[in-house]
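The values are calculated or read from the model by the stated rules, or taken from the named source; none is laboratory data. On a predicted model such as this, the values are computed, not experimentally measured, just so you know. Every residue, glycine among them, receives a Cβ derived from its backbone with ideal geometry; neighbour counts consider all protein chains shown.
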Amino acid sequence: MASTWHVFFATWDEPEHLAAGVELLDRGYYEYDTEHPPIGRVLLALGPWLAGAHSYGTPPPSGVTEGEDILYRDGKYDLYLTLARAGALPFLGLLLFVTWLWARRMLAGEGAALLAVVLLLSVPPVLGHAGVAALDIAAAGTILLALYTLDRWLDTPSWSTALLFGLASGFAMGTKFSAVPYIGMSLLALALTHWILGKRTPPAHRATVGMRLAELVIVGVAALVPLFIAYGIRTPNAARVAVRYDWAVSYLLQQGGMDHALGVLFAHLWLPREMQDLINGMVAVKAHNDEGHLSYLLGETRMMGWWYFYLVALAVKTPLPLLAGGSVGVGLLAREGWRTGDNWRFTPAVLAVAILLFASGFSHINIGIRHVLILYPLLALGGAWLVTRAWQGLKRMPDRRMAAAGKVVLAAVLTWQLSTLCTAWPDYLAWFNETVSHPERVLVDSDLDWGQDLRRLEKRAADLKIRHLSLAYRGTADLSREPLPPYVILPPHQPATGWVAVSWLARTRNPTDYAWLNGYQPVEHIGKSIDLYYIP
C-alpha cells in the first residue's frame, strides 16, 4: 500500500480532510465540511502538521482551497501528502487486528485467524482506500471494533463490556457519521438474534431486563466521552457554532414526522456547544442524503441513487474467490451457529444483512464501494472458515488421489485470491475483477476515477513533449500550479483538435458532454482513469 503513495496525485477528498485536520491542530477551530467529525481527520493531519503544515484561515465552509494552499504553498506537496496518507496506517492496522480477534473467537486455531487477515489484505479496494488520506478505511476499522465489542457485550453482558462497547461506538461515530446507522442497525439485529438463539439454548446466566437497560445507559454515556473529547478540546468560534446549529434546527423543523419533532426538541433544549456541533454534523449528513448526490451506475446518472448500487459494486470490486467463498462461508457459519446456538458464528451473516439493508434501502449517496468496506472483514471470516473446513475434509478423505487433487484446487483458488496483491498494483483503488472488461461502463466515482492519475498525465505529457493540451479533468487539484503543458479546459459539446486528455469522471457526469470522442481511439490510457487522444 505504501508503495503506491508516490504514484498517485491527491484524490478528490484528501485536500479538504487535510485542511480540516490542520485547522483544528493549528488554530483550534473545526469549520470545514462539518459533515464529517474530527477524529480521523486529526490523525491524518498530524504528520503534515508536525512537519510544518499550517492553516491559512480560508473562510469556511469548503476547505478545498485551504487544502490546496497547505499542499502547494510550502513547496512540500509530496511530503505533506505522504505523511497524511501514512496517517491511515493505524486504521488499517486496527481493521486487521479486530478481524484477527474476531476470527480467533469463531474459527479453529491461530492459522485460520491469520488466514482471515490475509484474505482481507488481498482485497484491492481495502488497500486502495487505505492508501489515501480519507476517512473510509478509518470508518471501517473503528466500526468493526464497535461491532466486535457489541457482540462481546451481548454475549457476555456486564458493566465492563458495556463500557467498552460505548467507548468504541463513540470512537467510531467521532471518525465518521456512517457509524451511527451501521451500529444502530447492527445493535437491533444482533439483539434480536441473541434473544432468539437464547430462547433455543438458554445461557448459564441470563441478564435481566433491568440490567440490560442499566448497561445500555452506560453504553450511551461512554459513547459521549470520545465525542466530547473530539469536539471539546479546542477554542471554538461561538458565533459560527450557533449559526450552524440554528441551520440544523431549522432544517429539521422543515421536515415532517420524527425529524420535525427532533427539531422542536432541539429548538427548546439547552445543549452544550459540543453537542450542538455534533448535532449539526449529523443533520448535515442527513441533508446530504435527503438531497442525494450525483451518481453513476451502468451508464446512467442519478441524484438519488439505486437500491442495488452496492450489490453491483460488491459484485465487480471483490476478488471472485472471496466473493463466492466468503459468501458461502458466511452462510454456512450462520447455519452452524443456528444449530449450535453459537452467537459468534451467526453474527457475520446478521451484520452483512443489516448493513446492506441500510446501504441499499436508505443511502442516496452512491459514490463508491468505500462506503461499505466494513463488509470485507465479514467475507474474510466466511472465506477463512470455508477454507479451513475444506482442508480438514480433504485430510479425512480415504482416497488419497482425490484428496491431493482437492488440495491442489484449493491452493490454486487461494493463489488466485492472493495474486491480486501483484496483478492490481499499484491501481488498487481502480481495480475491478475479471467479470468487467470496461469498468467505465459500470462504476466511476472513487471506484475508477477519483482524480488520482493527474500526476501520471503530467509525466506522460512531458515524455511526449506535448506543446498544448485540451483537458477535461475532475478533481480538487489547482491546475494552475501543476507542471502541465500549456492547456485549456475542454468545454462540453465542443470538439477540439490536437492533444486531448479526458478523465472518466468528466465523461460520465453527463454522458453527452464528450460523446464526440466516442468516434476516436485514444493514443493511450493514462493510468486507469484518463484517456489521451490526438485528434487530427
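Structural remarks
- Matching option when the condition is of a type in the set (Ser, Thr, Tyr), at pLDDT below 95 and either farther than 19 Å from Gly40 by Cα or assigned to a helix (DSSP H, G or I) (or both), among Thr142, Thr149, Thr193: Thr193
- Residue that is surrounded by the fewest Cβ atoms within 10 Å (Cβ to Cβ) [pool: residues in region 148-171 that are among the β-branched types (Val, Ile, Thr) and farther than 20 Å from Ala352 by Cβ]: Thr156
- Qualifying residues in region 392-425 (those that are β-branched (Val, Ile, Thr) and within 30 Å of the chain's Cα centre (by Cα)) - the one surrounded by the most Cβ atoms within 10 Å (Cβ to Cβ): Thr420
- Per-region count, region 209-250, residues in contact with a Pro (Cβ under 8 Å, 6 or more places away or on another chain), more than 24 Å from Thr34 (Cβ to Cβ) and not charged (D, E, K, R): 1
- Any hit, region 263-271, residues being part of a helix (DSSP H, G or I) and surrounded by 16 or more Cβ atoms within 10 Å (Cβ to Cβ): yes
- Taken as a whole, region 234-256 holds at least one residue that is exposed (fewer than 12 other Cβ atoms within 10 Å of the Cβ), farther than 21 Å from Lys176 by Cβ, touching a Phe, Trp or Tyr at 6+ places or on another chain (Cβ under 9 Å) and of a type in the set (Val, Ile, Thr).
- Considering only residues in region 308-337 that are at pLDDT below 95 and touching a helix residue (DSSP H, G or I) at 6+ places or on another chain (Cβ under 6 Å), the one that is surrounded by the fewest Cβ atoms within 10 Å (Cβ to Cβ) turns out to be Glu336.
- Of Gly128, Gly111, all but one fail to be more than 23 Å from the chain's Cα centre (by Cα), in a helix (DSSP H, G or I) and touching a residue at least 40 places away in the same chain (Cβ under 8 Å); the exception is Gly111.
The rows are residues; the columns are (1) in a loop (DSSP other than H, G, I, E, B); (2) more than 30 Å from Ala324 (Cα to Cα); (3) modelled with pLDDT under 95; (4) charged (D, E, K, R).
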site	(1), (2), (3), (4)
Tyr428	yes, no, no, no
Phe432	yes, no, no, no
Arg460	no, yes, no, yes
Asp463	no, yes, no, yes
Leu471	no, yes, no, no
Gly475	yes, yes, yes, no
Gln494	yes, yes, yes, no
Val502	no, yes, no, no
Asn518	no, yes, yes, no
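Conditions (1) over 27 Å from Tyr310 (Cα atoms); (2) not assigned by TED's automatic domain parsing to the domain that holds Val285, marked per residue:
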| residue | (1), (2) |
| --- | --- |
| Val330 | no, no |
| Val350 | no, no |
| Val353 | no, no |
| Gly361 | no, no |
| Ile374 | no, no |
| Leu386 | no, yes |
| Val408 | yes, yes |
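- Number of residues in region 457-484 that are of a type in the set (Ser, Thr, Tyr) and loosely packed, with under 12 Cβ neighbours inside 10 Å: the value is 1.
- Residue list for region 23-74, filter: aliphatic (A, V, I, L, M), farther than 18 Å from Gly174 by Cβ and either buried (at least 24 other Cβ atoms within 10 Å of the Cβ) or touching a strand residue (DSSP E or B) at 6+ places or on another chain (Cβ under 7 Å) (or both): Ala53, Ile70, Leu71
- Any chance Val488 is modelled with pLDDT of 95 or more, among the hydrophobic types (A, V, I, L, M, F, W, C), surrounded by 15 or more Cβ atoms within 10 Å (Cβ to Cβ) and outside the structural domain of Val312 (by TED's automatic domain parsing): no
Results for (1) over 22 Å from the mean Cα position of the chain (by Cα); (2) more than 25 Å from Val316 (Cα to Cα); (3) in contact (Cβ under 8 Å) with a residue 12 or more places away in the chain, shown as yes or no for each residue.
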site	(1), (2), (3)
Asp427	no, no, yes
Phe432	no, no, yes
Asp449	no, no, yes
Leu457	yes, yes, yes
Trp504	no, no, yes
Arg507	yes, no, yes
Asp513	yes, yes, yes
Asn518	yes, no, no
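- Considering region 309-402, the qualifying helices (runs of 4 or more DSSP H), each wholly inside and each with 2 or more residues that are charged (D, E, K, R), run over 320-340, 375-396.
- Residue selected from region 1-27 under the condition assigned to a helix (DSSP H, G or I) and of a type in the set (Ser, Thr, Tyr), by the criterion farthest from Leu479 (Cα to Cα): Ser3
- Answer from Thr65, Thr58 - the residue that is outside the structural domain of Arg240 (by TED's automatic domain parsing), assigned to a helix (DSSP H, G or I) and at pLDDT below 95: Thr65
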